[in-house]
Structure formats: C-alpha cells, structure tokens
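Report on the structure given below.
The values are calculated or read from the model by the stated rules, or taken from the named source; none is laboratory data. Please read these numbers as outputs of a predicted model, since none were measured by experiment. Positions of Cβ are backbone-derived with ideal geometry, glycine not excepted, and every protein chain shown enters the neighbour counts. Heads up: the accessible areas ignore ligands, DNA and RNA and are worked out on the full protein's heavy atoms, side chains in. Shrake-Rupley method; radii C 1.70, N 1.55, O 1.52, S 1.80 Å.
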Amino acid sequence: MSEAIGSQSGLTRRSFIKAAGVAAGALGLVGAAGMTTADGWLAPTEAHAAPEEHCGYTFHYRHCQCNCHLKCTVRDGRMVLVEPNDWPDKRNETICLKGISEIQHTYSEERLQVPLKRVGERGTGEFVEITWDEALDTIADKVKETQEKYGVGAIAIQTAVDSLTTFLPQLLKGQEKPHRGIDIGMGNGFSPALAESGQQGASSNEVTDWKNAKTILNVGCNMLETCMVTAQYFFEAKEAGAEIITLDPNFCTTAEKSSRWIPMVAGTDPALYLGMISLILDNGWYNAPYLKANTSMPFLVKRSDGSLLRKGPVDDVKQAGSDNPFMVWDESAGALAAYNEADVDPVLDFETSIDGEEYATVFKLLRENQSQYPSSWAAETTGIDESVLIEITDKYANNGPSILSFGFGGGEKFYNADVAGHAAVLLATLVGSFGTDIPGWGAGAYVNAYQKIFGAGKLASWPLPSECKTAPAPKASVDYRDEESGIRFMWVQNGAFQQIAGNQNRTNEWAKSLDFVVVQDIWHTPSVDWADIVLPVCSHFEVDEEVGFLRALRGHVLLQQKVLDPLFESKTDFWIDREMAKRLGYGDALPKSQEELARFQLDKATDKAIVGITLDDLLANNGVVALKNQPDIARSYSGQTYKTTSGKIDLYYENLVSYGQALPQYEAPNEAYEDNPLRDEYPLIMTQRRSKYFIHQNFMDATWLRQHYEPTLEMNPSDMAARGLASGDVIEAFNDRGSFRCACVATEAVRPGTAAIVEGIWDKYMDAGNVQNVTNDAVNPRGKALAKGRVTPFNDTLIEVKKA
Ligand SMILES: Nc1nc2c(c(=O)[nH]1)N[C@H]1C(S)=C(S)[C@@H](COP(=O)(O)OP(=O)(O)OC[C@H]3O[C@@H](n4cnc5c(=O)[nH]c(N)nc54)[C@H](O)[C@@H]3O)O[C@H]1N2
Ligand SMILES: Nc1nc2c(c(=O)[nH]1)N[C@H]1C(S)=C(S)[C@@H](COP(=O)(O)OP(=O)(O)OC[C@H]3O[C@@H](n4cnc5c(=O)[nH]c(N)nc54)[C@H](O)[C@@H]3O)O[C@H]1N2
Ligand SMILES: [Mo]
C-alpha cells in the first residue's frame, strides 16, 4: 500500500504516515501505523485525498423503513467505512448497526457470485455454475413457452421492496406481487373509511408531529426496532411531556422506553378498541360537532337490510356519489335532506320510520352495536384491568391532542385484523383525529411514517410500449399458492419461498409443482434453493456506472452512486432488465443507462416537490437534495378532504353487510383464542417479531450481527419451568403443521402463555426446521370482500414446546 501511495501521489511513505497521523490524532482515533497493517482496513478512517481512497454515496435498505443515506470510504478498492452522509436536514444523518455492518455484509460468504443452474431436485439447492448468456437465454425461452401455453398471467414476479427495478413486471406482463396478504390486515379495516390511497393503514401525519401530542397510545408496534430513525421523535415527544402508553403482550424495546407498558392478551386488539369506543360513547367523550360535519355518522341506514338511504333508488352501492346522495335527518327543517345540501344540520342520534321501513343513523346503530361490548367485557377479553382501560380511554379522549399508533406486525397479523382496523378508525374518528388544524392529533401505522406522508416525491416513470403492462391477478382473494392463482412460473426477488406465506410445508409442495423458478438476489437466502436459475445481483453499494437508482423519500431525493464496482460476476437489477428486454423483443424500449433513467425521472417529473431538482444538483450534493415545497410536518386530509364515496369519513361499511361487519363485530382469532380446544395440545401463542439486527431474512448472514443474536425462542420463566426447560436448552416447537428446533431463553419480557421469536431466520441458522413450519395460513372467507384481500394470520398461531 505504501508503494502505491508513493508512486501515485508523489507522497513518500513517511510524509503519508505523518499526514494520516495528524488527521487520526486530531480525532483521537488510531495511529497511522495501524492503518498499514494487515488488519488495518478495519480501523476507523477519515476520507482524504490520497488516490487509493475515496468516498462513494448510496442509500440503504428501506424495508426497515429508514432509507439512510450513506457515505462510504473505499480504500484500495475495498469498502472500509460506512457513515451517515450529510443531509440538508441534520436530523436525517442516521445509521444503525446494520448500516455499519455492511463492511462485512457486502463481502459476506453468502453472496451469490455467479449465475447458477439447478441440477438436483428443486429445493435441495444443488447447482452448477453457468454463464450469464445461458442463464438469460434459458429464462427468455421459458418465459415465451409459459406465455404461449398458459397466457401472460401464468408468470408471477415477487419484487423485493428493496430492488428498484421498475421494468421487469411489465416486460414479463405477469402478475406482480399477487395476493401477498401481508401488511394489509389492519389497513383493510382502517383505510376504507378514509379512502386512503397507497399504503394501507398509513398514519395520518408524520411521527415528527408526536411532540405536539399529549397522549399517545402505541398498540403492538415496536418502532424503536422497526423504524429506528423515529427514535429521536419518540423521545422528543416524551421529553415534551407526552405520555406514551404501549399496549403489547410483550415488554418490547418500545414498551421499555415508553412512559408506561400495558400488557394485553395477543390477538384481542379488536376488543381493546371496541371497549374504548363503548367508554367514549357512554361517557359522552366524543366530538359531536366533528362527527356531524365530517363523517357518515348522521347518514340513515335501513334497518331491515342494512343499506344506506339515498335520495334515489340504487342497485350498485358504489353509485351513490353526489348525483344520488346519502340522506340525513335535518334538525332545523325536521325533514329528510341530502347530506351535502347547503346549511343542512344533520342529527347524529336519530331513528325514524318512513313508509313502514325503520331507519336509524349510523351513530345510533353504532351505539346499539356497542352494547355488546361494555368495558367489563373488553377488560376480560384483553386481560387489561377495567380501571386501567377506563383511565387510558379518558386520557385518550380528554387529554388530547392524542395519537393512536399501531404497527404492521403484532395484532395486524391475526385473522381478525380488519375488525381491529375498523374499530381503530372509528375510535380515532370519535375523538376527531383526522384532518384537524390542531397539531398532534393522528392515527395509523407510524412505522413507515418518516417519509413525508403524501409529500414523498413522485418521480416521472419511463414509458414502455403500451402492451407492456402487468397482468391482473385473479380477482378473488386467493392465496398465491392456490390453483386459482394460475401461477406456473415464479420470478422471485424476495423471500417468496420462506417469507411470504404461512405453513411452510404447503409452500414447499407448491414450489415443487411449479414449472419454473428464477431467483434474483444478492445473497443465498432460503428462496435461492428453490430456483431453477439463480441470478446474482449487485448490492446497493455496487453499480456498473457512476449513477444508480433514485428514491424520493424521507423529504429528500436520494441518489445511489457507485461505491464499488460489481463484486464477483454480479450484475445490477437494471442490467438484467435490459438484457431481458432485448431477449423479449423490447431492446430499444428501456433507457440506455441508469443515468439516462435518473435524468428522465427528474427532468420529466411534474410533482412540485421535484420539479427543478436535477441530477447535477444531486451529484454536487453527494446524492441528497431536499424535496421542494415541503411542509415542516406533513399531515394528511387537510381541509377535511377524503376520497370516499361521500367525501366524508365513511365509517359504515355497506359492502360488508352480508358479513355482519358494516360496523365492527368482535371476532376471536382463528386459532389463538382463549377457549380453543386446540389449546389443550398447543397452549402457547407464538409471536413473530422483527429485530433491530435484521431486515426480515436480510442480514441473517452477517456474522457481526449474528454474534449479538442467536436464534432463540423467548419464553416466560413460568412456562419454561412448567416444561422443565432452562435457558440454552434446545427445544422443539411444534403443532399439527410442523416443527422447528432452536435454543430457548427465559425472559420476563414475554407474557406467560406467549412465546416469541424473530421472524425471517434462515433454516441453516436454526437447529432444525423453519419458523414458518408452524405458522397459520388460515383463509378468512371475508377476505374476498376486503380492499386488499385476506391477511396471512402469521401470529395467530398456537404451539407447544418440549426439550429436543
Ligand atoms: N429492523 C427492522 N425493521 C423493520 C423490519 C425488519 O425486518 N427489521 N420490517 C419492516 C416491516 S416489513 C414491518 S411489517 C414492520 C413491522 O413493525 P412492527 O409493527 O413494530 O412489528 P413487530 O416487531 O412484528 O411487532 C410489534 C409488536 O407487536 C407485539 N404483538 C404481538 N402480537 C400482538 C397482538 O396480538 N397485539 C398487540 N397489541 N401486540 C402484539 C409484539 O410483541 C411486538 O412487540 O417493521 C418494519 N421495520
Ligand atoms: N412467520 C412470519 N413470516 C413473515 C412475517 C412474520 O411476521 N412472521 N412478516 C411478513 C412481512 S410483514 C413481510 S413485509 C415479509 C418480508 O419478506 P421479504 O419481502 O422476503 O423480506 P426481505 O428480507 O426484506 O426480502 C428482501 C429480499 O430482497 C433482496 N434484496 C434486497 N435488495 C435487493 C436489490 O436491490 N435487488 C434484488 N434483486 N434483491 C434485493 C434481499 O437480499 C432479500 O432476499 O415477511 C413476511 N413473513
Ligand atoms: Mo412487512
């Protein structure tokens, strides 16, 4: 190394050591000598002008919801240091242990290095090396064959959240992310009321607004691990005096840092919300003027069939726009009126009979419905003391501004999640959470909220030939493994074969039955073993040109630039797109380079947040430029505008009348409920949580992180004692679906009757089996009628545990 310095820069070895020593000394870091030893590449370093050392800039993963932008020092072609990059908004200069560990992760022995072709039986992971041409030609032939034989919809592509490929699904004309049943459980019930587009269940304002709230209920969301960059706003709120109350069966990291932790029985979230609604109604703690002005609460419903009363007749419930408005009872006129007439003063709590039919307002029906769910019932069902339930409801309603925060894990991954979501949006609406001018009110999932809600910029999309569009997935809410899905060929960029469905044995059977499987990944995840052809992809640190992909999130446009040349024989996702395009007859349809794409995405953008930002700005600012016209804190529904049928918050779900869920009816979990006879055999509810060390199956291979976490089933000491177990024992966890083995650990953080494990662990790091072997994949028939189809009830799982 010293020779190289001397020859390339004219510095002598002595002067280099001196220069480096000064810089290092000033920072109190290691001396220069350390930097020249064999182990020296691990030592902290400062970027400097020596020619063999330079910085590159890229963004990190977004599936941990963070999108940290990183400044990476490369020495002698090897990445040696990863730090937060400079952002215009200093609060964004974040990195976590995952980011730091990229030095090791990027060069991990689990990197896919060359294209592979299966030789053994599918699923066994026996491969031989092939050339890129052979791999891509084989795939292209198979694409054409499948399309001819079964039609375009027989190909499905599961794109990874973190790959920024935009073209493959359209080029293949296949189904994209068909019926994943993931992260939509609460949103299915929560979002229709607000007609929220995009992310289901997304929060109504940013977590940066938490500092303006006085009471924050955080239900089943471990944001201090699952959206680590929100930590500063969490503590800012706490320091400003907000009471943060976390309701979680387990004493998770976020519960530990909250003002208060209230343990509850897993799977009973709908009961919690329903009990709180009853208390608010019974005590008159709701915001009546808000409900009258902004919601469907005064709309009249025909009791006999549950339909909403409209001005004229209607066959299709979707027809009732302004032409055929919903009807209310006008207080001053003492008569029926269209809800959207000028000066109408609707009555909230009202019933009447018209032409022999009985009608009642949504509000009145809600009251009647709620009589089934008194707080005493909710207390018993959730295991929360009734006085505590009353106390937190009082605070939530009367010590506002208040926030209701839930996650995309926990109660959302239960059979009854849409009921919980519907009850949650009702609860939040009763106290007037949405679209108010008062900062601090809000509700929804905040784990992805640090992204300037609707302010996240919209980049222009590159136009493809008109025939290049994804195939509609079959309309019914089918599991993608069902025959009805019609899938014969899977192209996988994510954990389709381990992650995306419960009940692994069923997934394995299905994977064996497919005609063809392509896996396009960076690392050798468990999905890779199911591939017929494996395509090795560059990490986010590698690009084959100077410019990579763009994102417009977290209030900024973020650019990926080259940090490293592609390692091994890996190629970028974009290169694979282009090669496939050529082979499928669309050779000229794609941009010629990522730079051309990036310039197009910016220059042709019509979003005011982006117009005027150029690639040159980004290059001059190390890849980070603030979005324009951004509010200090983004909040949605300002001016009380909702894209619902009525334009107001539509809380009565007419499309669910036949399921008895026009207003939320309590539904127990599918498996993990109190008096399920199955509990005699399998008494423990198995929570699958996420961890700050990993992003699902990603980073499992990173030894620097694995030294902090070995796969363990976490259990309450009382449940361990009852089974004669001690921490460190290898256990078998099992039910009728299957089993897995790993060590167990005793912790008071886990509620008695619950066992917890981090999801996403690769089989090879378990003693045997896979967490997914036991998880529940039950299909709720109501899923068909829900906006995003059925949810996979991963957490709605019972197991028993014994010493292996
Ligand atoms: N570091 C990291 N961050 C991530 C991810 C990652 O893999 N790693 N994944 C991202 C993704 S895709 C998602 S979906 C989000 C999820 O983010 P979160 O919603 O925070 O997900 P979890 O950690 O699964 O669960 C949160 C809490 O729910 C509790 N819980 C379990 N069952 C119940 C229940 O029935 N009711 C209630 N009230 N609580 C319950 C658990 O004990 C846990 O503390 O995280 C995102 N962020
Ligand atoms: N039992 C159980 N199962 C679960 C859950 C649970 O709670 N319990 N949670 C579910 C949830 S909420 C989710 S969101 C899913 C997540 O499941 P996945 O979407 O499979 O999660 P990731 O591990 O983030 O998958 C990302 C994959 O993309 C790859 N990748 C990353 N960057 C790139 C890139 O630039 N290009 C390409 N080609 N590949 C890239 C990674 O290496 C990784 O293999 O898991 C679900 N599965
Ligand atoms: Mo997720």
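Among the listed pairs LYS211/LYS395; LYS311/LYS643; LYS173/LYS784, those whose Cα-Cα separation exceeds 18 Å are LYS311/LYS643; LYS173/LYS784. Relative to the dominant Cα principal axis of the chain, helix 386-398 is inclined by about 80°. Only one residue of ALA378, ILE685, ASN294 has its Cα farthest out toward the positive end of the dipole of the chain, where Lys and Arg carry +1 and Asp and Glu -1 on Cβ, and that residue is ASN294. Per residue, the average separation of C-alpha pairs within less than 8 Å and at least 6 apart gives the chain a relative contact order of 18 percent. Where a ≥ b ≥ c are the square roots of the eigenvalues of the C-alpha gyration tensor, would you call the range 677-803 rounded, which needs a/c under 1.5, or, failing that, prolate if a/b is larger than b/c, or oblate? Oblate, because a/c is 1.5 or more while a/b does not exceed b/c.
Which of the aspartates and glutamates could a cross-linker bridge to LYS292, judged by Cα under 13 Å and excluding same-chain residues fewer than eight apart? Reachable aspartates and glutamates: ASP330, GLU331, ASP343, ASP345, ASP349, ASP650. Legend: distances between Cα atoms for LYS177/LYS802; LYS117/LYS764; LYS144/LYS469; LYS98/LYS257; pairs beyond 26 Å are LYS177/LYS802.
The calculated FRET efficiency for ARG260 paired with ALA787, based on their beta-carbon distance and R0 = 25 Å, is about 0.15.
In degrees from 0 to 90, rounded to the nearest 10, what is the angle of the helix 504-513 Cα long axis to the longest principal axis of the chain? The helix 504-513 is inclined about 70 degrees to the chain.
Local charge for GLN661 was computed over the other residues whose Cβ lies under 12 Å away, with Lys and Arg +1 and Asp and Glu -1, and equals -2.
With a cut-off of 15 Å between beta carbons, the residues surrounding ALA160 carry a summed charge of -2, where Lys and Arg count +1 and Asp and Glu -1. Placing pseudo-labels 7 Å out from each Cα toward the beta carbon at ALA778 and ARG723 gives an inter-label distance of 2.1 nm. Sparsely packed loop sites in the range 520-623 (the GluC sites (Glu not before Pro) outside DSSP H, G, I, E and B with at most 15 other Cβ atoms within 10 Å) comprise GLU545, GLU546, GLU569. For the chain, the longest principal axis of the alpha carbon atoms and the long axis of helix 594-603 meet at an angle near 40°.
Taking 45 Å as R0, compute the FRET efficiency from the Cβ-Cβ separation of PHE235 and GLU546 and round it to 0.05. Calculated value: 0.70. Label separation (ILE438 vs ALA743): 5.1 nm, computed from points 7 Å beyond Cα along the C-beta direction. The ASP385 and TYR709 beta-carbon pair, evaluated with R₀ = 35 Å, returns a calculated FRET efficiency of approximately 0.55. A 1.4 Å probe run over the chain, with the rest of the protein chains in place, finds 37 Å² accessible per residue.
Which is farthest toward the positive dipole end of the range 678-804 among ALA785, ALA721, ILE731, measuring Cα position about the Cα centre, with Cβ charges +1 (Lys, Arg) and -1 (Asp, Glu)? After comparing all options, I get ALA785.
Label sites at LYS592 and ASP565, each approximated as a point 7 angstrom past Cα along Cα to Cβ, lie 2.3 nm apart. THR124 contributes about 70 Å² of solvent-accessible surface, heavy atoms of the protein only, 1.4 Å probe. Counted residue by residue at 0.36 nm each, then reduced by the alpha carbon distance between them, the extension gain from ASP680 to TRP462 reaches 72.8 nm. For GLY411, the shell of other residues with beta-carbons less than 12 Å away shows a net charge of -4, using +1 for Lys and Arg and -1 for Asp and Glu.
Summed over qualifying helices (DSSP H, 4 residues or more, each -39500 (n - 2.57)) and divided by its residue number, the chain shows a 222 nm mean residue ellipticity of -6500 deg cm²/dmol.
In a DSSP loop and with at most 12 other Cβ atoms within 10 Å, there are no trypsin sites (Lys or Arg not before Pro) in the range 234-343.
Residues of the range 55-93 with an amide N closer than 13 Å to a point placed 7 Å from the Cα of ALA626 along the Cα-to-Cβ direction: 87-92.
If both residues of a DSSP beta bridge must be in the range 677-803, then about 65% of such bridges are antiparallel.
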